[in-house]
1. Which residue pairs have Cβ atoms closer than 9 Å, lie 6 or more positions apart in sequence or on different chains, and pair a first residue in the stretch 359-373 that is in the same structural domain as residue 274 (by TED's automatic domain parsing) with a second residue that is in a strand (DSSP E or B) and surrounded by fewer than 23 Cβ atoms within 10 Å (Cβ to Cβ)?
2. Tell me yes or no: at least one residue of the stretch 999-1006 is assigned to a strand (DSSP E or B), touching a residue at least 12 places away in the same chain (Cβ under 8 Å) and within 26 Å of residue 902 (Cβ to Cβ).
3. Condition test on residue 830, is it over 25 Å from residue 875 (Cβ atoms) and either outside the structural domain of residue 891 (by TED's automatic domain parsing) or in contact with a strand residue (DSSP E or B) (Cβ under 8 Å, 6 or more places away or on another chain) (or both)?
4. Considering only the stretch 453-526, give the strands (runs of 3 or more DSSP E) lying wholly within it that have at least 3 residues that are farther than 16 Å from residue 316 by Cα and in contact (Cβ under 8 Å) with a residue 12 or more places away in the chain.
5. Test of understanding: among 941, 934, 900, which residue is modelled with pLDDT under 95, touching a helix residue (DSSP H, G or I) at 6+ places or on another chain (Cβ under 9 Å) and more than 29 Å from residue 731 (Cα to Cα)?
6. I'm trying to understand the selection: among the residues of the stretch 558-581, which are touching a residue at least 24 places away in the same chain (Cβ under 8 Å), closer than 14 Å to residue 701 by Cβ and either out of contact with any helix residue (DSSP H, G or I) (no Cβ under 7 Å at 6 or more places or on another chain) or in a loop (DSSP other than H, G, I, E, B) (or both)?
7. Any residue that is within 29 Å of residue 905 (Cα to Cα) and in contact with a strand residue (DSSP E or B) (Cβ under 7 Å, 6 or more places away or on another chain) - is there at least one of those in the stretch 767-784?
8. Tally time: how many residues in the stretch 719-736 are touching a strand residue (DSSP E or B) at 6+ places or on another chain (Cβ under 8 Å), surrounded by 16 or more Cβ atoms within 10 Å (Cβ to Cβ) and modelled with pLDDT under 90?
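The values are calculated or read from the model by the stated rules, or taken from the named source; none is laboratory data. From a predicted model like this one, the values you see are computed outputs, not experimental measurements. For neighbour counting, all protein chains shown are included, and Cβ atoms are generated from backbone atoms with ideal geometry for every residue, glycine included.
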């Protein structure tokens, strides 16, 4: 039960009725809203008056902190009636001014010159247009060099009338047109291919799959989605289900053109071909149905009418090489930008050693990319024999930065003249210099004059890029009339008419838009490729769902029984839950090919199908890592159970990361998720709350579920669930960027906010700056702070919130918490929610190790019930409106906010609402993820206790007691609606604290006044029986109490 707090004035005991004793009170409240406008009131009660004399020697940052304690902005989300950006009007301003004429670094104030009120990017949240209204509490007059600190003003938000932003208009979701998956009926098998070409399925192959008896080839149908990756943006076209591939039925089998996991895409914006290599799979997948009723056959096209065609005996041939071998991102890999062979100074690599198919004499155009690392830049050259084709110097990469860019991507092009049929040999060389230069090969493309001449009765070519109109292609080198297929669209392959003209075979086409992909062959003279090993596929029908769930659990088959255990538990609580195996999603939403966006597309399908605002939560029931294709082989000691999101970027340690947030971006124009490189917020907003169980085994999954049930069992409730613990790091000794009390300020400002918002919570502060450091053989340590930290784990705290330095295996340079220590915790009865505003403590997408946050979550005997943690390096600031403090502030607000029915919010809602704030949607804060069940509620008590009388006196006035007085307290247990819980009988814990201590920090630069407050001296702790919602308790005030005339609790 919650304990009511008291204030102690010397010997007077009074009820704590309002807000915190210190700290600013800054609020934005909605006064009214109708279909035309909304009116907001911004109000600030500043603790400190403006005293110019006290600010003369301050820096600009210290002035801002002294004036606002970091609360420079308040914000409010607004849902709009239309997709149109609103306008703002500010009125009724009240303010104080301060001349900052003598303050250095005036540029810092210029961030407050953009108006009092601002609207963030217009986006959509849960199908409703939304913006965030930000209200500044400061403004700066650059000419007068005056700062204005506001105490009050009004903002009128006038809504737009037109749907002005086309990017927010609805688009078609192909999956919505699929009422039943192709896999819902019939007998199915699947197989893989690793390269493109003509494939034949014959009787021997089907018999190897278990098909017996006479095979009716007219009923054998191949399905597949082409081998390309799914598009990032939700609105871009994609298959709505498995698509039937065009097949040609023979007497002894069926033939189809299969695509591999690599190939070419035509860029219509630039009118050029670009190669692709699938980021998530080394193979393309096809399906076979052996009892198809309506096969998709290769259709015969009619000869086009032509008036003035252009005849081609040549086209532009294409060739590329890309070998992914190494990922230099983060400390062991991050992002999708894999690289090939490394070349050191003085070395070289042969990047082309090839006779191109059909090479004619003429210029060969090369495009290439490497990743270089050197300071100064690396000197790179492209050569062929003794000819130097290109020389350039790469951009500088500063290797002395602890964080930053690991290499620069260098794209370049050059030309080399070739002789028909000759082998092309190209080398890239790196000059030897004394700055340890190196580069990694990425890819090279070649575009060459290609004669339309068959090799071994086979010719693969594309029509000329950028060319449209009437064309004739004169093919040669065939012993007989070839079959020519237009394979541009695999599900609509067309056999083109062919006519003979001497030794040439003519193919006529009228091309209206983009180039076409063609293959010509003599069926009786070629060797067909053979499909890879196949396997049976059970019927499934995710598209046919009729009841939209509130909660979806995505699991591998290996963990399904544990996932169903959790699902049944949640169903028993009234949460409609669907368990879906990851391979089922992959089958229906990405054609059987591993693609992390298949999960996003499945959620988008449910989200669009949901007309009653039901679907809200997703749990990924399995760990994952960055190496989708297992390129690192046996070095990957962990399995990629549930695929993860990875950025395209790998080289920059700040902009390369993973985040499960991506899978919650479900509105139409979302999914690109561009990095904005500033403190602005993205228009893309989370629509569902997402958590992950970072489990690698069924046993770990079972352990996590047991912890959840134990945590939610009322037998394990206790007073510890009213405690928030804030831990702050000190600065790193000898750091190049002195931080002083920055982390302490970050933590304490959030604690002060919490004391204002939820005065019925106990705050426990463990700030390393306030403890004596010691020097050991292992370095600087703070043992007293460390002891206090683990005491908090063992005695219990609802939230364990850390601000400071960290890494995947430890928190703080002084090793306040080590990974192995988290694994040894046995606090099963007092599991906290861990929050870490630090770097990489939750770097969960390693392929060979697990992070400290994962260990805490997976500890079956203790650790944490959930972790809100960071996956990569993140940044902090003294401002409480952005970066780590901004996220931590918004997260804390949501954790203590309740639903309209008075219940604590669920983790998924806490995460989603936090991430959709101005601070939460910043680039930096994409890196905060949730390990835990998103349907789980924050463990705040659902009932509250209040004190009615002290020594029979009501708490309308101060109640005076003296040392050694006998004190009788009577009170009630009340519901969230304020009514006494007459049906409750049980126990209530009561704690009375002496006056607070003011702790002074040495060399403080950030925390206001250089002090923070703690309640540490416990006067009384006891437990009373509750009957019908009422309780009474008696204690004697100790003799040794504070006489400081300040408030206790």
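1. none
2. Checked the stretch 999-1006: no residue is assigned to a strand (DSSP E or B), touching a residue at least 12 places away in the same chain (Cβ under 8 Å) and within 26 Å of residue 902 (Cβ to Cβ).
3. No: the conditions fail for residue 830.
4. Result: 483-486, 494-496, 498-501, 504-511.
5. Of the residues listed, the single one that is modelled with pLDDT under 95, touching a helix residue (DSSP H, G or I) at 6+ places or on another chain (Cβ under 9 Å) and more than 29 Å from residue 731 (Cα to Cα) is 941.
6. Residues satisfying the conditions are 561, 563.
7. Checked against the condition, which is being within 29 Å of residue 905 (Cα to Cα) and in contact with a strand residue (DSSP E or B) (Cβ under 7 Å, 6 or more places away or on another chain), the stretch 767-784 yields at least one hit.
8. Final tally of qualifying residues: 1.
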